[in-house]
Every structure is written in structure tokens, then in C-alpha cells.
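Okay, structure first, notes after.
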Amino acid sequence: MSLMGIGLAFIYVPLSVVVINSFNSSRTFSWPPSSFTTEWWSKAISNTGVRKALSWSLAAGFSATFIALLLGTSLAFAVSRYNFFGKDIISLLVVLPISLPGVVTGIALSNAFNQQLGLSTGLLTIVIGHATFCIVVVYNNALARLRRMGTSLQEASMDLGANGITTFRLITLPNLASALFAGGLLAFGLSFDEIVVTTFTAGPGIQTLPIWIYNNLFRPNQAPIVNVVAATLVVVSVIPIYLSQRLSQDSTSGGRF
Amino acid sequence: MKGSIATWMHKRPKLRLAALLAAPTLWLVVAYLGALGALLVTAFFTIDSFTGNIIAKFNLGNFHDMLTDPAYRNVVLRTLGIAISVTLICAVFAIPMAFFMAKIAKPRSQKILVALVLTPLWASYLVKIYAWRTMLEPNTGVMDWILGPIGIHSPGFGGPAIIIGLSYLWLPYMILPIYAGLERLPNSLLDASGDLGARNFYTFRRVILPLIFPSLVAGSMFTFSLTLGDYITAQIIGGKLQMLGNVVYQNFSINLPFAATIATIPVAIMAIYLWLVRRTGALASL
């Protein structure tokens, strides 16, 4: 029991350190903090670099989540309701973006954008990168729910005279909703935090919030603001993700495994 | 109007299937797999040393350089070593935690525990490593503050820091499959073993461990794969140490084909690992 407690503490201590440090009045972050201040938070909010990065992150997050919801759900429908040639391969393929090291995905996508397609980096390339691994997250959640739901309700509805579209609208979708919401939350969280692939797909002009942190990490002047941004990232991603986990308890792993 | 579209679709299941599959398949197969394929092809190209442009001729030069230069061999071995240490450390911590979650915790708290363990997993990678940078800072860091009174000092930045940081990052990836595996383990087996006179450690060694072996392998695939490609952790808490990922990242803008060549190493290692693993049947628990 105590081992579990130590384990959980081990997991959460570094994160709480970041949050506490964002209030640390000492500029060099000597620990333990001698006094607390909210000065850094107000500085961070007024920092234009941070604000721009935040808007990029939000834009990328919502777009990637939207795409992932569309593609992941339709794929989940295809896999759960039909048998087709290459079904196993598709199931493996969907997991690939998340199981290969990010550096490989990043450099592959970037190479394809630059060399093969002549696409210049920007929001589009960031979103493509994020959406690719967000698909699997939505897919897992939707698939688990579809499998649990079965087809009997759908069939009953159609027996009673509703056509395919009406059935989907009134029966399937409401039952699927919480799984999609959970998957979407998770996808958003993943995209918001993403750095490994994004450094390759974002290019020099654009900074998402994690990239902003990455670029400012070694600048001592910016250090307090970096702390605040980091603390915000912790809070902003932890909450939706915890909600998503509780919502998708029917699949133990909640979407990745 | 709506009715007739729905009827039309209903009579053509293959069309429905195609409509569902079209976009995702296009994305995953053409875009993603295509990009990976293009990367592999690029690994065989070289760079014109004057202009920096890529010469699109098939040539083994990159591979030759990579395999003969001792510097790269060192990096590969070092990265492999780190990957193995991280996997072992994760396993050591994950097994007791997963066991507690699966067997000892009350069913109601199980769900909360799973959520608690999983949540930081999805929290920002960068923030977590940054947090460890604060913890490991020599003299002023948190670790020194906590462990100082016992006389242990923070290892500072470098190899041990990388191992600690990466173990921290991937721990939930190891806990989850083991937890899933233990959940499937019937308690009656443990009771039977005890009834037959086995002490705890013996039961663990002879009953539990073999049964969760596939889960351990499943978890290790993540810890291994993620460590092999990592480049950010080494930059932030690794001091001057270089890992495979760093070499790829550095070459990315100046010599893309060579970066691609180096990138094939983690993929190759994982492919071999996956193949070895298939024979143990661990893929089922993925």
C-alpha cells in the first residue's frame, strides 16, 4: 500500500514542483521557495510571444481533434461492423503513428512535405502531424464503445421503420457520444502538449506553446515565464485528460493500448 | 429525399464500407506510410557538398559512413544501454504498483487509481522533463533538498539523469499492460499456490512472473521504442550526452539523407524486437 503511495507521489511530485515554482519569487528558482508571488503570472499573460503561441496551440488542437474525430470514428465503424480484406493490416496501421518513435514520424512527415509535396510549413503541416496520431486515440475509444453497443439497437430501430440516417441520428450517435467526447478530449490534450513531432512539422515561423517553451528553455531571463507556461500546460492538459479517463472506463486503457 | 438516400445506401453495403474507409485509409496509407517510405528512400541519397541539395541517386554511402564511424557506433550502443536500463527500472517499479492496483485495491478505488496513473502519462512530455530539470539541479534543486539530509546528492545532468527522466516518463506505459495482465489472472491461482505451501516470493517467481511475461514484453516495447527515438530529454537534462535521436535531429536540417539513414536504426531495432516478440505471443496483450 505504501509502495503504491510512494509510486503515486513519485509520479505527481515533479508536476507539482513545476506548479509551485511558478509562484516562486526567487528568480533562480532556488528551492525551497522563500516567498511566493504572482508576478510571473501577470508577466506571462502580457507576453505577446506566449499569447501567439497559445492561439496557435488552440487552433492546431481543435483542428486536429476535429479531423481525428471524423476519420477515427468512420474507421471504427468500418472495423467493427464489417469484414474486409486488409482489416488486420489497417488495425496495425492505425497504431503505427503512436508506436514508432516520434522522431521518425516527424522527420518522415517533414521530408514528405518539403521534398515530395513542396508544402511550406505552417498550421496545415502541424495539424496533419497531430491528426495522424490523434486518429488512433479516437478510433480506440469509438471502437470499444461500438463493440460494447452491438447492433441490436440499430436493428430494432430499423425494424420499427427508421431508415439508416434516422437510426444513426437518434440511436447510434447518442450512445456513441460520450466515447467520442472522451476520445476528443484525449486527442486535444495530446495535440496541445505535442512537441516531439511538432518541432519537425512546425517550421521556423510558428510556435505552439510547447515549442515556445522549448525555445525559451535555456534563456535565463525568460525562465520565470517558462515556468508559468509549463504550469499552465500541466493544469490545462491534466483536467480534460482526467475527465476523459473517467468517461472511458469501459476500456481500461482509455484509448492507447 | 432523405429517405431515398438512406434506402439507396442501405442496399449497397460495399459502398457504405468504402465511404467509411476512404478518408482514413487515404490518410494513413497514402500520407503516413507514403511518408515513411519516402524517408527510407531518402536514406539512400546523398548531399552535394557545395550546394546542399539532395542528389537523388541510389547510393550506399550514408550507410557505409554510419556503420564504420566509431562515433556513431558509440551513440547507438549508448542509446541501447539507456533503453535497456530504462525498461528494467520501469519494470521494477511497475510490477508492484500494478499488482496493488489489480489485486489489492478495492474495486471502487481501482478506477480512480487507473485514472490517476494514466493522467500524467498524457500530460506534456516537455513539462515533465522540465520539471526534472528543476528537481535535478545540483545544489539548488528539489532532489538535493529532499535527499540532502540523508547525504545523497543529485546526480546532476548526464546519463543517470536521462535514465531517471525517461523511466519517469514511460512508467505508466509499463504499468498499464501489467495491470491488464494481472487483472486477467484468476485469484484462485494465487490461493492455490499458497495452499500448496509456496511462500510469497516463490509464488511470484513461478506463478505470477511467467503469466505476466507477455504484458512485460508489451510494456517494454513502448519503453524501448520511445527511448530509442528520444532527443529532447538528452538536450534538457543530459548535459553533453548524445543519443540516437539527437544525431537525427542535428542532421535534419543540414544533411537530410544522412538523418534519414540514422533514423532507420531505431526502426530496424524495433522491427527485430517485434519479430522476436511475436514468437512469445505477447502481441495479443497489445
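The values are calculated or read from the model by the stated rules, or taken from the named source; none is laboratory data. Nothing here was measured: the structure is a model prediction, and the numbers come from that model. In this analysis, Cβ positions are derived from the backbone assuming ideal geometry, glycine residues included, and neighbour counts consider all displayed protein chains.
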The stretch A:120-134, subset small (Gly, Ala, Ser) and not in a helix (DSSP H, G or I), residue modelled with the highest pLDDT: A:Gly122
From the list B:Leu33, B:Leu26, B:Leu20, pick out the single residue that is over 27 Å from the mean Cα position of the chain (by Cα) and not assigned by TED's automatic domain parsing to the domain that holds B:Ala259. B:Leu20
Among the residues of the stretch A:110-126 satisfying the criterion of being surrounded by 24 or more Cβ atoms within 10 Å (Cβ to Cβ) and either among the aliphatic types (A, V, I, L, M) or free of Cβ contacts under 8 Å to residues at least 60 places away in the same chain (or both), which is farthest from A:Thr65 (Cα to Cα)? A:Asn111
Candidates A:Leu173, A:Leu190, A:Leu186, A:Leu217 - the one that is free of Cβ contacts under 8 Å to residues at least 12 places away in the same chain, buried (at least 17 other Cβ atoms within 10 Å of the Cβ) and assigned by TED's automatic domain parsing to the domain that holds A:Ile126: A:Leu217
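Does the stretch A:103-119 contain any residue that is more than 10 Å from chain B (Cβ to nearest Cβ), out of contact with any strand residue (DSSP E or B) (no Cβ under 8 Å at 6 or more places or on another chain) and at pLDDT below 85?
Yes, there is a match, as at least one residue in the stretch A:103-119 is more than 10 Å from chain B (Cβ to nearest Cβ), out of contact with any strand residue (DSSP E or B) (no Cβ under 8 Å at 6 or more places or on another chain) and at pLDDT below 85.
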Return yes or no: is A:Arg219 among the basic types (Lys, Arg) and more than 30 Å from B:Ser253 (Cβ to Cβ)? no
Quick count over the stretch B:173-196, residues being crowded, with 18+ Cβ neighbours inside 10 Å and within 14 Å of chain A (Cβ to nearest Cβ), is 10
Only helices (runs of 4 or more DSSP H) wholly contained in the stretch A:145-230 count here; list those with 3 or more residues that are farther than 30 Å from A:Leu54 by Cβ and more than 13 Å from chain B (Cβ to nearest Cβ). A:152-159, A:173-193
Considering only residues of the stretch B:65-74 that are over 23 Å from the mean Cα position of the chain (by Cα) and among the charged types (D, E, K, R), which is farthest from the other protein chains (Cβ to nearest Cβ)? B:Asp69
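Condition check: more than 7 Å from chain B (Cβ to nearest Cβ), in contact (Cβ under 8 Å) with a residue 12 or more places away in the chain and not charged (D, E, K, R). Does A:Gly129 satisfy that? Give the steps one after another, and end with the answer.
Working: more than 7 Å from chain B (Cβ to nearest Cβ): yes; in contact (Cβ under 8 Å) with a residue 12 or more places away in the chain: yes; not charged (D, E, K, R): yes.
Yes; evaluated as a whole, the condition is true for this residue.
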If A:Thr38 satisfies every condition in (1) polar (S, T, N, Q); (2) surrounded by 16 or more Cβ atoms within 10 Å (Cβ to Cβ); (3) over 16 Å from the mean Cα position of the chain (by Cα) but one, which is the exception? (2)
Whichever residue in the stretch B:75-110 is among the polar types (S, T, N, Q) and under 16 Å from B:Pro177 (Cα atoms) and, among such residues, is nearest to the chain's Cα centre (by Cα): B:Thr87
